[in-house]
1. Looking at region 128-138, can you tell me whether even one residue there is open to solvent by 80 Å² or more (accessible area, probe 1.4 Å), modelled with pLDDT of 60 or more, within 29 Å of Gly236 (Cα to Cα) and touching a helix residue (DSSP H, G or I) at 6+ places or on another chain (Cβ under 7 Å)?
2. Please determine whether any residue of region 111-131 is of a type in the set (Lys, Arg) and outside any helix (DSSP H, G or I).
3. In region 230-286, which residues are among the β-branched types (Val, Ile, Thr), open to solvent by 30 Å² or more (accessible area, probe 1.4 Å) and over 24 Å from Arg160 (Cβ atoms)?
4. If I filter region 37-55 down to residues being surrounded by fewer than 16 Cβ atoms within 10 Å (Cβ to Cβ) and of a type outside the set (Asp, Glu), which single residue comes out as farthest from the chain's Cα centre (by Cα)?
5. Would region 2-20 turn up any residue that is open to solvent by 50 Å² or more (accessible area, probe 1.4 Å), at pLDDT 90 or above and closer than 19 Å to Gly130 by Cα?
6. Cβ-Cβ distance below 7 Å, separation of 6 or more or different chains: which pairs start in region 128-157 with a residue that is closer than 15 Å to Ala23 by Cβ and acidic (Asp, Glu) and end on one that is outside any strand (DSSP E or B) and modelled with pLDDT under 95?
7. With (1) under 24 Å from Gly174 (Cβ atoms); (2) open to solvent by less than 30 Å² (accessible area, probe 1.4 Å); (3) at pLDDT 85 or above as the list, and Val34 as the residue in question, which single condition is left unmet?
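The values are calculated or read from the model by the stated rules, or taken from the named source; none is laboratory data. Just so it is clear, the structure is predicted and the values come from calculations on it, not from any experiment. Note that we place each Cβ from the backbone using ideal geometry, even for glycine, and neighbour counts take in every protein chain shown. What goes into the accessible areas is simple: the full protein's heavy atoms, side chains included, and nothing from ligands, DNA or RNA. Shrake-Rupley method; radii C 1.70, N 1.55, O 1.52, S 1.80 Å.
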Amino acid sequence: MADAERGPIAIVCGGGSFPGAVAAAIVRRGRQPVMFGIKGWADASVIERYPHHWVALGQLGRFFRLARSERCKEVLFIGTLLRPPLRQVRLDWQTIRLMPRIIGYFRGGDDRLLSGAASIAESGGLRVIGLRDVAPEIFVPAGVLGRIQPAERDRSDIARAMQLIAALGPFDVGQAAIVANNHVLAVEAAEGTDNMLARIADLRRQGRVATPPGIGVLVKAPKPGQDRRFDLPSIGPRTIEGAARAGLAGVAVAAGSTIIAEAAEVIAIAEREKIFVAGVAEDTAR
């Protein structure tokens, strides 16, 4: 069946610019995105360029009714959203009926919560799809983006960081690490990549990072066993700017499973700051 004949796609949108990039890719493939912006998170300037609705966390009944009215049979989740306290979730009747399941999903890591969200969406008659199904072009390809090349020391740091991310995967820890001269400087946790980079920049100012500027790599990769329909690692212009402020040599990400926003600007900033950006194989650690 041709893409255009499969009907509109519901996009549940958190914050950031990625929902807009995904919607544009869907349009290029001849399909219609319908944006479901999460109140308090989604950017109106992104959402309102397409057919859209606003929903609050906990309004499952409203979301399912609107998705059916728009003839959506598939749903995709994209964008930034921090795990909310249950007390902040606005409950409608359908959500209340599902609360025993929802509470169970909250009692675990992010992977468990996201897999639970997929299960609930599918219970409402929607098929959960991933970015690779609709926008494969927004993934970072293998190889170096731009002219700046990683040194052999950088490649060693990349391999060590990949090994670290793989080892921490069973604990559902973040998808990023910073390694300099084989020394682990940071592992991403609840603060997110931007704040982790800001922390390293601050530690440099305090003299707590011994390696000189121009040494060290930010590495991002999915956790082993992660559901690839959700929460894939991502980079954008802010990532490169943060890496430059942190005094790193470059940024390396898992090729084919890391999404990139505004790729041309990413490359331009990297070349201006003289840092590399590279897509590497996930088995680099081996």
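1. First, the residues of region 128-138 that are open to solvent by 80 Å² or more (accessible area, probe 1.4 Å): 132-133, 137.
With modelled with pLDDT of 60 or more added as a condition, the list becomes 132-133, 137.
With the extra rule that they be within 29 Å of Gly236 (Cα to Cα), the set shrinks to 132-133, 137.
Still in the running and touching a helix residue (DSSP H, G or I) at 6+ places or on another chain (Cβ under 7 Å): 137.
So far as region 128-138 goes, yes, one or more of its residues are open to solvent by 80 Å² or more (accessible area, probe 1.4 Å), modelled with pLDDT of 60 or more, within 29 Å of Gly236 (Cα to Cα) and touching a helix residue (DSSP H, G or I) at 6+ places or on another chain (Cβ under 7 Å).
2. Scanning region 111-131 turns up at least one residue that is of a type in the set (Lys, Arg) and outside any helix (DSSP H, G or I).
3. Quick first cut of region 230-286, residues among the β-branched types (Val, Ile, Thr) only: 235, 239-240, 251, 253, 258-260, 266-267, 269, 275, 277, 280, 284.
Those left that are additionally open to solvent by 30 Å² or more (accessible area, probe 1.4 Å): 267, 284.
Within region 230-286, Ile267 is the sole residue that qualifies.
4. If we filter region 37-55 for residues that are surrounded by fewer than 16 Cβ atoms within 10 Å (Cβ to Cβ), which is where we start, we get 39-40, 44-45, 48-49, 51.
Within this subset, residues satisfying the condition of being of a type outside the set (Asp, Glu) are 39-40, 44-45, 49, 51.
On the way: Lys39: 19, Gly40: 18, Ala44: 19, Ser45: 20, Arg49: 22, Pro51: 23 Å.
Within region 37-55, the match that is farthest from the chain's Cα centre (by Cα) is Pro51.
5. no
6. Every condition considered, the pairs that remain are Glu137/Ala25.
7. The number of the failed condition is (1).
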